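Reviewing the structure listed below.
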Amino acid sequence: MTSFLIGYVICINMISYLFIWLNVRTQIIKLSKKWEDTLYLCLAILGGFVGIMIASEMFNYRRDEKIFKRYIPLVIFIEVCIILYFIYKLRT
C-alpha cells in the first residue's frame with residue numbers, strides 16, 4: 001500500500017510540474033486565468049503541491065499571484081496536518 005501511495009504522489013507531482021512547464025514553454029494549454037487557477041488548485045489538492053511549487057519557482061511563473069501566495073501553501077498546510085494525524089493514529 002505504501003509503495004502505491006509513493007508512486008501516486010510522484011506521478012501527480014510530475015503531472016503538475018509538466019502542466020506548468022507546458023504552459024510556460026509552449027503555451028499549448030490556453031485556458032483563462034480562472035480555469036488555470038482552478039486546475040492548479042485541484043492538482044494541489046490531489047497531492048501535486050510539491051510539483052506546482054517547484055515549477056512555479058523554477059520558471060518564475062506567476063509567483064506573485066494570489067493562488068501561489070495564499071491557496072497553495074494553505075493546501076500544503078492542511079494536507080501535512082492530515083498526514084500527521086493519520087501517522088499518529090496508525091502508531092497508537
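I need a count of the residues in segment 53-92 that are closer than 22 Å to ILE15 by Cα, among the polar types (S, T, N, Q) and not in a helix (DSSP H, G or I).
1
Can you name the residue in segment 1-45 that is closer than 20 Å to LEU74 by Cα and of a type in the set (S, T, N, Q) and, of all such residues, is modelled with the lowest pLDDT?
Out of the qualifying residues, it is THR38.
Between a residue in segment 45-59 that is free of Cβ contacts under 8 Å to residues at least 24 places away in the same chain and any residue that is crowded, with 21+ Cβ neighbours inside 10 Å, which pairs come within a Cβ distance under 6 Å, given they are 6 or more apart or on different chains?
none
Could you list, ordered by first residue, the pairs with Cβ atoms under 7 Å in which the first is in segment 14-27 and within 15 Å of LEU39 (Cα to Cα) and touching a residue at least 40 places away in the same chain (Cβ under 8 Å) and the second is in a helix (DSSP H, G or I) and not hydrophobic (A, V, I, L, M, F, W, C), at least 6 apart or interchain?
Partner pairs satisfying both residue conditions: ILE20/SER56.
Considering only residues of segment 43-73 that are exposed (fewer than 11 other Cβ atoms within 10 Å of the Cβ) and on the phi < 0 side of the Ramachandran plot, which is farthest from the chain's Cα centre (by Cα)?
Filtering segment 43-73 for residues that are exposed (fewer than 11 other Cβ atoms within 10 Å of the Cβ) and on the phi < 0 side of the Ramachandran plot, the one farthest from the chain's Cα centre (by Cα) comes out as ASP64.
The values are calculated or read from the model by the stated rules, or taken from the named source; none is laboratory data. Just so it is clear, the structure is predicted and the values come from calculations on it, not from any experiment. Backbone-built Cβ (ideal geometry, glycine too); neighbour counts: all protein chains shown.
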